[in-house]
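Report on the structure given below.
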Amino acid sequence: MLFKRLMLAAALVTAAVATQAHADALDNIMKSKVIKIAVPQDFAPFGSAGLDLKPQGYDIDMANLIGKELGVKTEIIPVTSANRIPYLQTNKADLVISSLGKNEEREKVIDFSIAYAPFFSGVFGTKAMAVANAADLKGKTIGATRGAIEEQALTAMVPPDTTVKRFEDNNATIAAFVSGQVDLIATGNTVAAVIAEKVPARAPALKFVIKDSPCYVGLNKSEPALLAKVNEIITKAKASGEIGKLSEKWLKAPLPPGF
Amino acid sequence: MSYKLQFAELLPYWNVLLYGLVFTIVLTIVSTVVGIAVGTAGAAARTFGPVWLGRIVAVYVELIRNTPFIVQLFFIFFGLPALGLKLSETTAAFLAMVINLGAYSTEIIRAGIEAVPKGHIEAGLSLAMTKWEALRHIVLNQAFRKIYPALSSQIIIVMLGSAVVSQISAEDLTYAANYIASRNFRNFEVYLLVALAYLALAMLTRAALRALGRVIFKAR
C-alpha cells in the first residue's frame, strides 16, 4: 500500500515537473515578473566584471534591454562559455545572451533568435589606407596573429606580393599596429574595439570582413512565443538605433553595413 | 608511446624551412662581423680612449649585458617608432643582434687587450711604431689570439639567441617552425627537426670558426 502511494506521488511529481517544463516560457516569465538571462563574465567587451565586480558589457546591456521591453525584472546570471548552454537546458536561465555563435551542433539542442550583436574578423587599418577587398592588399603589408583563423583565411586570400607579418599573439599584433609597424591588421572586431578604446589616435577602421559569425540569443527549443517576442524586441531595437548605440558603446564602431 | 612520427607532413613546407635557415645564417654572419667590429672599437675605446668615451662605452656595455635580449628587441621594434624611428623587422633584428654582440664582445676583447703586457706596447712604440700600428700589430693580434675561443662561444650563443627575432615576425628558422606548427600542429616533428638544425648550425659554426682561427693565427 505504502509502496503504491509512493509510486503515485512520484508519478505526480514527475508529471508536475514535466508540465512546468513544457509550459510556455513566456507565460512563466510574465507571471513571475522575472526573466533569468545568462551572460558572460569573462569575455570583454561582451561581458566582464566591472570595477564594482558586477557584470558589465554589451550582453548585459542587451539583457537589460530585453527585460525592460518585456516589462519584467532582469535577473543576470553570470556563466562561462562552457556552461552557458547547460544553464539553458536545465532551466536555470530563460535566455542565453553570451556572445553565442550559431553552428549545427548547437542548433540541434537549442533555438536561436536573430542576430543581436556583430562579431566578425576582418581587415582593419588606418583611415589613410584605401582597401576595400583582398585584391587591394596587393603590395601592402598586413599584420596578423599567427595561427588565428583570420590569419589562415587571410593567407589563403591575399595576392602573392602581399607581405603578411605574423606575430606570436594578439598583444604583439596590437603593438605592431599601435606603434605603426603595420598600418593594416587582420583581427576580430572586439580586438579592434580594444585598440580604438586605448589608442583613439590610431583607431582601426574596418576595411572588409573576413569571417562573419554574429551573436545570437539562445533559448530552449519549442518556445515559439518567447522566440517571437525576443525577435520582435531585437528588430525594434535595431530600427530604433538602440543596438547601434550598444555597438558604439562597447565595440567602439558603428554596426557593419547590412547587419 | 603511441605517438606516430610523421615527418612527411613537413615536406610541403620545405621552402619555408629553407628560407628560415638561410635567414638565420645570414643574420648570424652579418651581425657577427659588424658586432665584433663594434666590440673591438668599444674595447679599444675603453682601454686607450679618453675617459669620457670609456664611460659612455661602459654604460652601453652594462645596459645591454644586464637586460634581456627580447626586451632590447621589443624596444627597438615596438618602442622606437614612438620616437619616429621605424625599422623593418629585419633591420630591427640585425640592429638588436649587433648591439647585443657588440656589448658582450667589448668585454671579451677588453679582457684580451688587458692581458697584453704593457712592455710589449712600450717595445713597439720605442721601435718607432705609431700608436695605431702598435694597437693593430701588437695589442689586437695578441688579444684576439687569447680570447678567440671565448669569442667563438659568444658567436654561437648569439646565433642560438637569434631565435628570439621570430617574435617580431622576422622570418628566421624559429619563425618557420612556429609557422608550420600553427598550420599542421605537428609540434613534435617540427621542433625536433629545427632543434637538430640549430645543433648542426652550431657545430658547423664552431668548425668554421676553428678553421678560420687556424688561418688567421697561424704561427709566424
Open item on the list: Regarding region A:198-216, can at least one residue be identified that is of a type in the set (S, T, N, Q), surrounded by fewer than 21 Cβ atoms within 10 Å (Cβ to Cβ) and in contact (Cβ under 8 Å) with a residue 12 or more places away in the chain?
Closed with: yes
Exactly one of B:Gln72, B:Gln142, B:Gln167 is under 19 Å from the mean Cα position of the chain (by Cα) and at pLDDT below 95, and that residue is B:Gln167
For helices (runs of 4 or more DSSP H) lying entirely in region B:137-219, having 2 or more residues that are within 14 Å of another protein chain (Cβ to nearest Cβ) and of a type outside the set (Val, Ile, Thr) picks out B:173-184
The residue from A:Gly147, A:Gly143 that alone is part of a loop (DSSP other than H, G, I, E, B), within 13 Å of another protein chain (Cβ to nearest Cβ) and within 16 Å of B:Gln167 (Cα to Cα) is A:Gly147
Those residues of region A:118-131 which are aliphatic (A, V, I, L, M), modelled with pLDDT under 95 and surrounded by 13 or more Cβ atoms within 10 Å (Cβ to Cβ) amount to A:Met129, A:Val131
Pairing a residue in region B:85-97 that is in a helix (DSSP H, G or I) with any residue that is of a type in the set (Phe, Trp, Tyr) and surrounded by fewer than 17 Cβ atoms within 10 Å (Cβ to Cβ), where Cβ atoms lie under 9 Å and the two sit 6 or more apart in sequence or on different chains, gives B:Ala96/B:Phe75
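Let's see how each residue does on (1) more than 19 Å from B:Thr47 (Cα to Cα); (2) buried (at least 20 other Cβ atoms within 10 Å of the Cβ); (3) without any contact (Cβ under 8 Å) to a residue 24 or more places away in the chain:
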{"site": "B:Ser126", "(1), (2), (3)": "yes, no, yes"}
{"site": "B:Leu140", "(1), (2), (3)": "no, no, no"}
{"site": "B:Gly161", "(1), (2), (3)": "yes, no, no"}
{"site": "B:Ile168", "(1), (2), (3)": "yes, yes, no"}
{"site": "B:Leu204", "(1), (2), (3)": "yes, no, yes"}
{"site": "B:Gly213", "(1), (2), (3)": "yes, no, no"}
All conditions in (1) surrounded by fewer than 13 Cβ atoms within 10 Å (Cβ to Cβ); (2) touching a strand residue (DSSP E or B) at 6+ places or on another chain (Cβ under 6 Å) are true of A:Leu53 except (2)
Practice prompt. Can you confirm whether region A:100-110 contains a residue that is of a type in the set (A, V, I, L, M) and under 25 Å from A:Trp250 (Cα atoms)?
Written response: yes
Only one of B:Ile113, B:Ile121 is of a type in the set (A, V, I, L, M, F, W, C), under 15 Å from B:Thr40 (Cα atoms) and part of a helix (DSSP H, G or I), namely B:Ile113
The number of residues in region B:50-75 that are within 14 Å of chain A (Cβ to nearest Cβ) and surrounded by 13 or more Cβ atoms within 10 Å (Cβ to Cβ) is 4
In region A:56-81, anything in contact with a Gly (Cβ under 8 Å, 6 or more places away or on another chain) and farther than 21 Å from A:Gly188 by Cβ is listed as A:Lys73, A:Thr74, A:Pro78
When (1) modelled with pLDDT under 95; (2) of a type in the set (A, V, I, L, M, F, W, C); (3) surrounded by 10 or more Cβ atoms within 10 Å (Cβ to Cβ); (4) in a helix (DSSP H, G or I) are applied to A:Met62, the one that fails is (1)
With criteria (1) of a type in the set (Lys, Arg); (2) within 14 Å of chain A (Cβ to nearest Cβ); (3) surrounded by 17 or more Cβ atoms within 10 Å (Cβ to Cβ), B:Lys86 comes up short on (3)
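Out of curiosity, is B:Phe78 among the hydrophobic types (A, V, I, L, M, F, W, C), within 14 Å of chain A (Cβ to nearest Cβ) and in contact (Cβ under 8 Å) with a residue 60 or more places away in the chain?
yes
The values are calculated or read from the model by the stated rules, or taken from the named source; none is laboratory data. Model, not experiment: these values are computed from the prediction. No Cβ is skipped: glycine too gets one built from the backbone with ideal geometry, and neighbour counts run over all protein chains shown.
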